[in-house]
Amino acid sequence: NENALTLAKWLQENENVSWVSYTGLPDHPSHENAKKYLQEGKFGSVFTFGVKGGYDAARSFIENVELSSHL
């Protein structure tokens with residue numbers, strides 16, 4: 001939850017990202033419902049975002065994503 005919120009906030013500030021959708025963000029249309037129905041501060045880890053630059057930019061982003069994990 002904390003990692004997802006941190007990443008969603010970072011993406012909002014990124015000049016290459018056009019939008020971010022995460023219920024943990026105050027500007028999300030369902031944020032108030034999420035606060036009401038989910039456990040306090042537990043908005044989950046799923047979010048979506050749009051890459052500026054259209055198809056080619058999005059494809060380039062996907063092709064350059066690397067998996068990282070902390071074990």
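Every number here is computed from the coordinates shown, using simple stated rules; none is lab data. What you see is a predicted model; the values in this text were computed from it and never measured. Here Cβ is always computed from backbone atoms with ideal geometry, including for glycine, and neighbour counts include all displayed protein chains.
Would you mention how many residues in region 12-60 are in a helix (DSSP H, G or I) and free of Cβ contacts under 8 Å to residues at least 12 places away in the same chain?
14
Could you identify the single residue in S60, S45, S30, S18 that is surrounded by fewer than 15 Cβ atoms within 10 Å (Cβ to Cβ) and in contact with a helix residue (DSSP H, G or I) (Cβ under 6 Å, 6 or more places away or on another chain)?
So the residue among S60, S45, S30, S18 that is surrounded by fewer than 15 Cβ atoms within 10 Å (Cβ to Cβ) and in contact with a helix residue (DSSP H, G or I) (Cβ under 6 Å, 6 or more places away or on another chain) is S45.
State the number of residues belonging to region 1-21 that are in contact with a strand residue (DSSP E or B) (Cβ under 8 Å, 6 or more places away or on another chain) and not β-branched (V, I, T).
7
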